[in-house]
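Structure first, then comments.
FYI, it's all coordinate maths here, none of it is from the lab. Keep in mind the model is a prediction, meaning the values are calculated, not measured. Positions of Cβ are backbone-derived with ideal geometry, glycine not excepted, and every protein chain shown enters the neighbour counts.
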Ligand SMILES: *Cc1c(COP(=O)(O)O)cnc(C)c1O
Ligand code: SF4
C-alpha cells in the first residue's frame, strides 16, 4: 500500500490576494513561484499574523527574508497566528536574531572564506570542492551557515569568475567530486545548469557531481521532467536535499523526489537540528521514515553552526546527542542520519557518535578488552586481537589506471546507446 501523504493540492489564504483562476495554472509553475515570492513584511502579513518579535525581526535582521508562496502556504496552514510553528521558525525573522547576549556567533562559522580558492570555489577536502554557482535562494533559512555569501544579490557567477572556477577544477587533478551549491543551484534555469554540467563533464577527473538544493522542499514544482532528463545526460548526478521536518514532505515534494529517483539520480537528505523545529527523536524518526520510503537516504543530521543570529535556534550538543542515541537501534540503519558538527574556522566535519564503549583494558600489542553497552542496555565484552602484520596488498596506481579505463569504456557505451 502507498504511504499516505496528506492530499495537499492548493493551500493559500484568501488574504494573499491570489486570483483562483490564475492560480489553477500558475501554482504549479516554478517560475511563477519565484516571481511571486514574498520579500516584504506586507507580503508575509497576507499569510501570517505577525508577532511583535517577528515585526522586530523584519526591522532589524541583517539577512534577507524571502519565501515562495508554496512554502508560506505550507507554514501558515496549521495556524496563521502560531509564531512557534516549526516551519515558520525556519523562514521568519525574529527579534532574537539581533540579540546582544550570545554564546558564539560568527559571520563565516565554517571559515569558508579562507578556503576560497577562487571567488566561487571552496576547496577544503582533497577530493571534493564546493562550487558556489549562485548566491540566490528561494527561501532564506534563518539558520543559514553561509550568511557571508547567500542573499547578496550576486546571482549566477559572472563570466570571469565562472571561468576561473572551471580552470581551477581542471588544474587540480585530485578533485573527483564537484558539489554545486550556493545559494541554490536549482534556482538557475535548465539552460544555465546544462551549461555548467556540460563544462564540468569535459573535465576528465571529475567523476561525481552533487547538487545541493532546498528547492524540492520550498518549490517542488521546480523538479520537472525536462530537468531530470537533462540531469541524466550528465550522470552520475547525486541530489542532496534539505528537509528538516516531516510536514515538509508533502504530496508535491514526494512527486519531486520520485522523479529524481525514477530517473536514476540518487537522493540524500541533510537536515539541521533546530530548537522547536525538530529537536525530538520522534520528529526525526517520522521524517527519516518518509524519506526512506521515497528512496531518499537520510545522510547528515547537522549540529547548527554558530552563524550570526542563530543562537536561539541552536540545540545544545547534549540535546543533539540525545536525539541521535534515541534513534540508534530504533530506526533502520538505512534511515539513520549521521550526527555531524562542523569544527568552527574551517576544521571540517566531526562525527558525533553516542558513547557505547564504557571500558577498555590492555593495549594494541597484546590485544584489548573492550566493554560495550548497546542501544537498549545489553552489556558485553569484545576481545580485540593484537594488531596483525598482514597488510592489504597495495597497488593503488594500478587500481586507478584500471578504473580510468573502465570509466572510459562505460561512458563510450553510454554515448553509443544514446546516440
Ligand atoms: C561538507 C563539505 C563537503 C562535503 O562533505 P561530505 O562529508 O563528503 O558530504 C565538501 N566541502 C566542504 C567545504 C564541506 O563543508
Ligand atoms: S537554502 Fe541553504 S544556502 Fe539557502 S538560505 Fe537555506 S541554508 Fe542557506
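Helical content of the chain, expressed as a calculated mean residue ellipticity at 222 nm, amounts to -9500 deg cm²/dmol (DSSP H runs of 4 or more residues, -39,500 (n - 2.57) each, divided by residue number, nearest 500). Which of rounded, prolate, oblate describes region 85-178, given a ≥ b ≥ c as roots of the alpha-carbon gyration tensor eigenvalues and a/c under 1.5 marking rounded, otherwise prolate only if a/b is larger than b/c? Prolate.
Return a whole-number percent for the relative contact order of region 250-362, with Cα pairs under 8 Å and 6 or more residues apart as the contact set.
Contact order relative to length: 25 percent.
Please give the residues of region 381-398, grouped as numeric ranges, whose backbone N is less than 13 Å from a label point set 7 Å along the Cα-to-Cβ vector of residue 363. Those under the cut-off are 387.
Using a Förster distance of 22 Å, how high is the FRET efficiency between residue 411 and residue 35, based on the Cβ-Cβ distance and rounded to 0.05? My answer for the efficiency is 0.05. You can think of it this way: the chain between residue 190 and residue 116 has 24.0 nm of extra reach, that is 0.36 nm per residue less the Cα-Cα gap.
A Gaussian network model of the chain, with springs between Cα atoms under 10 Å, assigns the largest mean-square fluctuation among 230, 271, 301 to 230.
Only bridges with both residues in region 113-351 count here: give the DSSP antiparallel percent, nearest 5.
Within region 113-351, antiparallel bridges account for around 30 percent of the total.
When the chain is treated as a GNM with alpha-carbon contacts under 10 Å, the residue of 273, 60, 74 showing the greatest mean-square fluctuation is 60. Counted over region 266-404, the DSSP beta bridges are approximately 65% antiparallel.
Please report the relative contact order for region 87-221, taking Cα pairs under 8 Å with a sequence separation of at least 6, and give it as a percent rounded to a whole number.
Rounded, it is 26 percent for region 87-221.
Largest mean-square fluctuation among 167, 252, 177, in a Gaussian network model of the chain whose springs join Cα atoms under 10 Å apart, belongs to 167. Summary of packing: across the peptides 34-45, 232-243, the per-residue average of other C-beta atoms within 10 Å ranks them, highest first, as 232-243, 34-45. Entry note, the chain: relative contact order of 13 percent, from Cα contacts under 8 Å with a spacing of 6+ residues. The label point for residue 392 and the one for residue 202, both projected 7 Å from the Cα toward the Cβ, are 3.7 nm apart.
What is the calculated FRET efficiency for residue 100 to residue 155, with r their C-beta to C-beta distance and R₀ = 41 Å, to the nearest 0.05? Here the calculated transfer efficiency is 0.80.
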